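Report on the structure given below.
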Amino acid sequence: MTHHLHHTLKPFQAGARQGRFYSLPELAKTYPNVNRLPVAMRIVLESVLRNCDGQKVTEAHVEQLANWQPNVERVDEIPFVVARVVLQDFTGVPLLADLAAMRNVAARFGKDPKRIEPLVPVDLVGCRRSFDRYRWIPYGGINRRNPHGRQIFG
């Protein structure tokens, strides 16, 4: 959901491509404390601002995090939505086996197995030997090799 909370949605250009991003310096015009936040808190704030939908993530969440103070008692949770998950082979292969099992169950019950998808993009990075051991073929993935012999499935 695109929004213009505090006029933070800004355009940018990279070569011939154009895009938009949510600007923390622009948010700091409303909440000056943003400029003094630790880097980790800025990362969380950018995610909260980018995912502000008025329901799961609200303007109040943005305000609360923008005014974060290090020594204040915490009573509320802040929703954090990751943009991407990177899994290593020993955590990712079992996860993919679970997804495959859930898809099989969905199909068995007459449901569309393609509806069983992670909520965020997932990259699986691992040693080729691990994948050979499992004899695993990525479901709908792209197999790309880098010069170091690792396989990346995206």
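The values are calculated or read from the model by the stated rules, or taken from the named source; none is laboratory data. Computed from a prediction, not measured in an experiment: that's the story for all the values here. Here the Cβ positions follow ideal geometry from the backbone for every residue, glycine too, while neighbour counts run over all protein chains shown.
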> Can you spot a residue in the range 49-58 that is farther than 27 Å from residue 3 by Cα and surrounded by fewer than 10 Cβ atoms within 10 Å (Cβ to Cβ)?
Replying inline: no
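Each row is one residue, and each column tells you yes or no for (1) more than 16 Å from residue 77 (Cα to Cα); (2) touching a Phe, Trp or Tyr at 6+ places or on another chain (Cβ under 9 Å).
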site	(1), (2)
6	yes, yes
13	yes, no
16	yes, no
19	yes, yes
22	yes, no
26	yes, no
31	yes, no
49	no, yes
> If residue 57 satisfies every condition in (1) assigned by TED's automatic domain parsing to the domain that holds residue 30; (2) at pLDDT below 85 but one, which is the exception?
Replying inline: (2)
>> Looking at the range 22-34 only, could you name the residues that are assigned to a loop (DSSP other than H, G, I, E, B) and crowded, with 17+ Cβ neighbours inside 10 Å?
In response: 23, 31
> Which one is farthest from residue 81 (Cα to Cα) among residues in the range 35-71 that are part of a helix (DSSP H, G or I) and of a type in the set (D, E, K, R)?
Replying inline: 36
> Can you find a residue in the range 73-88 that is among the aromatic types (Phe, Trp, Tyr), under 30 Å from residue 33 (Cα atoms), at pLDDT below 85 and surrounded by 11 or more Cβ atoms within 10 Å (Cβ to Cβ)?
Replying inline: yes
